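Step one of this worksheet: look at the structure below.
The values are calculated or read from the model by the stated rules, or taken from the named source; none is laboratory data. Everything numeric in this text was worked out from a predicted model, so none of it was measured. Here Cβ is always computed from backbone atoms with ideal geometry, including for glycine, and neighbour counts include all displayed protein chains.
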Amino acid sequence: MTTTHIVIFNDTHGWHSERLLAALAPYDIQITLSDLAHCYVDLDHPNGFVIPELGDKWPDAVMVRGIAPGTFEQITLRMDFLHTLSEHHIPVLNSAKAIEHTVDKARTSLRLHNAGLPTPRTWACENKEKAQYIVQAELAKGAELVIKPLFGCQGKGIIKVANPTEFEQADIVGDVFYLQHYIPPYQSEKWQDWRLMVIDGEVCAAMSRHADHWITNFAQGAQCLPATINDELAQLAIKATEAVGADYAGVDLIRDQQGQFTVLEVNSVPAWKGLYQATGIDAAKPLARSIINRIKANTDSQHA
């Protein structure tokens with residue numbers, strides 16, 4: 001009988017990979033830790049590309065836990081591998097398509113907008129004069145703006161613009177201006193947002209993040225606390241995950257000064273260490289069930 005084989009891709013296998021290994025241990029399957037950056041195309045190979053640890057075998061499923069930073073060409077090649085796995089009907093969590101929908105913030109904004117979901121007013125362009133006009137027009141209305149790198153995470157490289165000078169001094173990454181309305185906190189000087197982990201259409205855990213600064217990422221030192229959420233928040237996070245085509249996602253929500261919730265971010269390769277520390281809920285367990293269920297469904301369909 002062939003042993004079920006799962007590959008976990010990450011560029012640095014640490015705490016998250018260890019949690020996944022522990023969660024998958026009861027299922028008596030073979031698990032390989034690999035890195036997409038080590039894979040390569042070889043058309044002389046039966047599969048067309050090689051996962052070095054597997055030789056000429058295909059995995060039964062793949063979990064994408066992390067992708068190393070790289071050039072546009074390097075990232076494109078790594079996405080090629082994930083696309084190829086999906087094209088061979090191998091479950092990939094999350095798929096290349098879902099990752100592409102979320103790693104690019106403009107793409108995420110478009111997906112959320114086209115799904116009719118609340119998200120901050122957003123502009124993205126390459127033209128500095130156009131961006132300058134948007135900034136001046138919005139500042140004149142009393143709004144503040146946030147400039148974010150199109151590709152970025154963990155709150156790095158985010159700049160708040162409250163006057164034209166701050167815009168002129170901003171370090172723009174890749175000559176792309178991704179601008180969003182700054183959402184002031186619901187309670188003055190109390191910066192807070194919510195991170196909900198959605199897996200297979202259900203919220204498995206939620207926390208609120210509190211900071212003494214407007215950037216509330218766990219990686220930037222925010223305090224994480226367990227959160228009780230209502231159906232409104234849960235459904236918003238679930239719909240945001242569906243909008244980007246993800247099987248699982250970390251969805252960031254914020255409450256505006258009118259008390260309405262809006263979607264800030266959807267992360268298709270979310271970390272959950274802060275969530276675990278805040279709630280005691282280990283997202284690795286439902287993730288393990290999710291990938292095992294997909295392998296079973298895939299096997300059943302092939303034998304039908």
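Criterion first (touching a helix residue (DSSP H, G or I) at 6+ places or on another chain (Cβ under 9 Å) and not in a helix (DSSP H, G or I)) does ARG289 satisfy it?
Numbers: touching a helix residue (DSSP H, G or I) at 6+ places or on another chain (Cβ under 9 Å): yes; not in a helix (DSSP H, G or I): no.
In short, no.
Selection of the range 15-28 for residues being surrounded by fewer than 18 Cβ atoms within 10 Å (Cβ to Cβ) and either part of a helix (DSSP H, G or I) or touching a residue at least 40 places away in the same chain (Cβ under 8 Å) (or both) yields TRP15, GLU18, LEU21, ALA22, ALA25, PRO26, TYR27.
Contact annotation: residue pairs with Cβ atoms under 7 Å, 6 or more positions apart or on different chains, pairing a residue in the range 131-144 that is more than 16 Å from ILE183 (Cα to Cα) with a partner that is among the aliphatic types (A, V, I, L, M), are ALA131/LEU179; ILE134/LEU179. What about VAL269, is it part of a loop (DSSP other than H, G, I, E, B), in contact (Cβ under 8 Å) with a residue 40 or more places away in the chain and on the phi < 0 side of the Ramachandran plot? The answer is yes for VAL269.
Would you check if there is a residue in the range 39-52 being free of Cβ contacts under 8 Å to residues at least 60 places away in the same chain, part of a helix (DSSP H, G or I) and not hydroxyl-bearing (Ser, Thr, Tyr)? Talk me through it step by step, then tell me what you get.
As a first pass, look at the range 39-52 and keep what is free of Cβ contacts under 8 Å to residues at least 60 places away in the same chain: 39-52.
Checking which are part of a helix (DSSP H, G or I) leaves us with 52.
In the following step, the residues that additionally are not hydroxyl-bearing (Ser, Thr, Tyr) were identified as 52.
For the range 39-52, residues free of Cβ contacts under 8 Å to residues at least 60 places away in the same chain, part of a helix (DSSP H, G or I) and not hydroxyl-bearing (Ser, Thr, Tyr): present.
I need the full set of residues from the range 33-81 which are within 24 Å of ILE292 (Cα to Cα), β-branched (Val, Ile, Thr) and under 19 Å from the mean Cα position of the chain (by Cα), in order please. Within the range 33-81, VAL62, VAL64, ILE67 meet the criteria.
Taking every residue in the range 62-81 that is among the small types (Gly, Ala, Ser) and pairing it with any residue that is modelled with pLDDT under 95 and part of a loop (DSSP other than H, G, I, E, B), at least 6 positions away or on another chain, the pairs with Cβ-Cβ distances below 6 Å are GLY66/ASP11; ALA68/ASP11.
Residues that are in contact with a helix residue (DSSP H, G or I) (Cβ under 6 Å, 6 or more places away or on another chain) and not assigned by TED's automatic domain parsing to the domain that holds GLY66 are absent from the range 227-239.
Suppose we keep only residues that are surrounded by fewer than 16 Cβ atoms within 10 Å (Cβ to Cβ) and part of a loop (DSSP other than H, G, I, E, B) within the range 105-120. Which one would you say is farthest from the chain's Cα centre (by Cα)? Here the residue is GLY116. The residues of the range 31-73 that are loosely packed, with under 15 Cβ neighbours inside 10 Å, in contact with a Pro (Cβ under 6 Å, 6 or more places away or on another chain) and modelled with pLDDT of 95 or more amount to a single one, HIS38. When the range 82-104 is filtered for residues that are assigned to a helix (DSSP H, G or I) and closer than 20 Å to ILE292 by Cβ, the ones remaining, listed by number, are LEU82, LEU85, SER86, ALA98.
Please list, ordered by residue number, the strands (runs of 3 or more DSSP E) wholly in the range 183-231 having 1 or more residues that are of a type in the set (D, E, K, R).
Working: elements: 191-199, 202-211, 223-226.
Where strands (runs of 3 or more DSSP E) fall fully within the range 183-231 and carry at least 1 residues being of a type in the set (D, E, K, R), they are 191-199, 202-211.
Matching residues to (1) closer than 24 Å to THR4 by Cβ; (2) over 13 Å from the mean Cα position of the chain (by Cα):
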position	(1), (2)
LYS239	no, yes
ASP252	no, no
GLN257	no, yes
ASN267	no, no
GLY274	no, yes
SER290	yes, yes
